[in-house]
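Chemist: Here it is, the structure, as structure tokens.
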Amino acid sequence: MMSPRTLELPFVLQAQGCAGRVAVADAAGVHTYDALLAASGRVAAALLQGRQDLAEARIAFLVVPGFAWVATLWGIWRAGGVAVPLALSAARPELEYALADTAAEALLWDEANAETAAPLAAALHLRGGGFEQLVGAEPPEALPAVAEGRRAMILYTSGTTSRPKGVVTTHANLQAQITSLIAAWEWTADDRTVLCLPLHHVHGIVNVVSCALWAGARVEMLAKFDAVGIWQRMQRGELTLFMAVPTIYVRLIAAWEAADEATRQAWSAAAHRLRLMVSGSAALPVSTLERWRELTGQTLLERYGMTEIGMALSNPLHGERRAGSVGMPLPGVQVRLAAEDGSAVLSEGTPGEIEVRGANVFLEYWRRAEATQEAFRDGWFRTGDTAVVEDGRYRILGRTSIDILKTGGHKVSALEIEEVLREHQSIAECAVVGLPDAEWGERICAVVVLHPGQQLELDALRGWGRERLTAHKLPTRLLVLPQLPRNAMGKVVKPEVTRLVVAAEDTGR
């Protein structure tokens, strides 16, 4: 049998240079880069079924994080397809929407998801198959050459204001995102990390898995998050990097506080040995950063990015990491602030919308030409986030449409108010939203989760807040909830918070 033709996609060339090194560890054991190349080649051959090239056919998959997930992703790419990673937590209507919107040709799954995926593929008349079946195909004699400008992946945005949009990235976009982070955070083949993030978001796919495998490093992939398990993995002394969302750090802190003194000391010492710990996907509360530093000696590196751009800003690997700051532009990424009229904001301290330009920026919203056009201004992608630059560093004020509230003629950052409210002894979590008001434009509403056994009234909160906030930033409405609505990445879903406030208003709560 002929040897498979070398595929000139960079991730394959990187993997070929890592020979017998371990790439992935999961519940089934350890798997080398050679094993990944062999398995993904077989998946590609099974998908092609004699065709020369999938020619950007969309291939969706529902697979637990691990070796099978990576081999499936790589196999789709090596066959010339566009990968559509689906959320394991998605309800059937959400899966049906993604499959219909992408006009997926096939749906792939692993044994753990067969009960969900196989009937879905049959109902929608999609070509389907389990990983175990695909990886049993004959090795390929040849695979297509895939140009870097071709579409590689479609990820769906959270859809907070409308139905989710498919964000299309090319192989070149992904390469730019990955290599920028490898340069900034100095990934090497000696690094070891653990994945505890879902794999339908750029955070887990690019920042953790893809960066690790591009660098020739090793990534341990967990099927689900377990706080004690994460601490124990740190304690083994193998990890060098850890990346998570603020919610995960809060849970790790809670697990530490519940442990005995000897365990606490061992866990703290273990975390201190890691060379880098990163937080992202949601604003990192200063209180969480400071508590984590107290426990581990680690100052979390906060960065800024989104599905459409990968990562754009980062605090430095070496040097001062400022609380509340997301740092400076990453290598190869251009960032600016723009005023409402589109002109560049040139003076420090003046708010503006973050706009990004570079090879990292996505190609398009899938089959939404008008939305794609509206997302750009003079070649710059409009993030919808408002920030200020202070001493050359960016500080996020909030979403232009969600977190920037206009009350009494003032522009107010909901994130700033949330940061202050978290200092209150009774408040465990909080979200600030605006409600339309004929007199004030918007009323500031605080939605909070209290510590066990605590109570809080609006008058008491406002009295406490007067010493910390100017009058127009004080909440005029307080709603106490048992928990805040969050998405799979732990990010608070502000439109849902607003809906709960409106519902409470209607019922007179």
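Chemist: So, in the stretch 287-306, how many residues would count as being small (Gly, Ala, Ser) and under 16 Å from residue 270 (Cβ atoms)?
Modeler: The total comes to 1.
Chemist: Restricting to the stretch 295-312, count the residues that are in a strand (DSSP E or B) and either farther than 25 Å from residue 152 by Cα or hydroxyl-bearing (Ser, Thr, Tyr) (or both).
Modeler: Residues meeting the conditions: 3.
Chemist: Quick one: is residue 423 outside any loop (DSSP other than H, G, I, E, B) and either at pLDDT below 80 or farther than 20 Å from residue 348 by Cβ (or both)? Can you show your working first?
Modeler: Numbers: outside any loop (DSSP other than H, G, I, E, B): no; either at pLDDT below 80 or farther than 20 Å from residue 348 by Cβ (or both): yes.
The answer is no for residue 423.
Chemist: Among the numbered conditions (1) surrounded by fewer than 18 Cβ atoms within 10 Å (Cβ to Cβ); (2) out of contact with any Gly (no Cβ under 7 Å at 6 or more places or on another chain), tell me where residue 272 comes up short.
Modeler: Against the list (1) surrounded by fewer than 18 Cβ atoms within 10 Å (Cβ to Cβ); (2) out of contact with any Gly (no Cβ under 7 Å at 6 or more places or on another chain), residue 272 comes up short only on (2).
Chemist: List the number of the failed condition for residue 362; all other conditions in (1) under 22 Å from the mean Cα position of the chain (by Cα); (2) assigned to a loop (DSSP other than H, G, I, E, B); (3) at positive phi hold.
Modeler: Unmet condition: (3).
Chemist: Of all residues in the stretch 313-343, how many are within 18 Å of residue 386 (Cα to Cα), part of a loop (DSSP other than H, G, I, E, B) and in contact with a Phe, Trp or Tyr (Cβ under 8 Å, 6 or more places away or on another chain)?
Modeler: 2
Chemist: Being in a helix (DSSP H, G or I), farther than 12 Å from residue 106 by Cβ and of a type in the set (Lys, Arg), is that true of even one residue in the stretch 42-54?
Modeler: yes
Chemist: Quick check on the stretch 324-334: of everything there that is more than 16 Å from residue 183 (Cβ to Cβ) and surrounded by 18 or more Cβ atoms within 10 Å (Cβ to Cβ), which residue is modelled with the highest pLDDT?
Modeler: The qualifying residue modelled with the highest pLDDT is 326.
Chemist: Give the number of residues within the stretch 370-413 that are in a helix (DSSP H, G or I) and in contact (Cβ under 8 Å) with a residue 40 or more places away in the chain.
Modeler: Looking only at that region, the number is 1.
Chemist: Filter the stretch 106-130 for residues that are out of contact with any helix residue (DSSP H, G or I) (no Cβ under 9 Å at 6 or more places or on another chain) and in contact (Cβ under 8 Å) with a residue 40 or more places away in the chain; which is surrounded by the most Cβ atoms within 10 Å (Cβ to Cβ)?
Modeler: Taking the stretch 106-130 first, the residues out of contact with any helix residue (DSSP H, G or I) (no Cβ under 9 Å at 6 or more places or on another chain) are 112-115, 118-119, 122, 125.
Checking the rest, the ones that are also in contact (Cβ under 8 Å) with a residue 40 or more places away in the chain come to 112-113.
Working: 112: 16, 113: 20.
Checked the stretch 106-130; the qualifying residue surrounded by the most Cβ atoms within 10 Å (Cβ to Cβ) is 113.
Chemist: Out of the stretch 65-88, which residues are modelled with pLDDT of 95 or more and in a loop (DSSP other than H, G, I, E, B)?
Modeler: 65, 66, 79, 80, 81, 86 - these are the residues of the stretch 65-88 that are modelled with pLDDT of 95 or more and in a loop (DSSP other than H, G, I, E, B).
Chemist: Does at least one position in the stretch 190-210 carry a residue that is in a helix (DSSP H, G or I), over 29 Å from residue 400 (Cα atoms) and not assigned by TED's automatic domain parsing to the domain that holds residue 62?
Modeler: yes
The values are calculated or read from the model by the stated rules, or taken from the named source; none is laboratory data. Just so we're clear, the structure is a prediction, and the values are computed from it rather than from any experiment. Cβ: placed from backbone, ideal geometry, glycine included. Neighbour counts: every protein chain shown.
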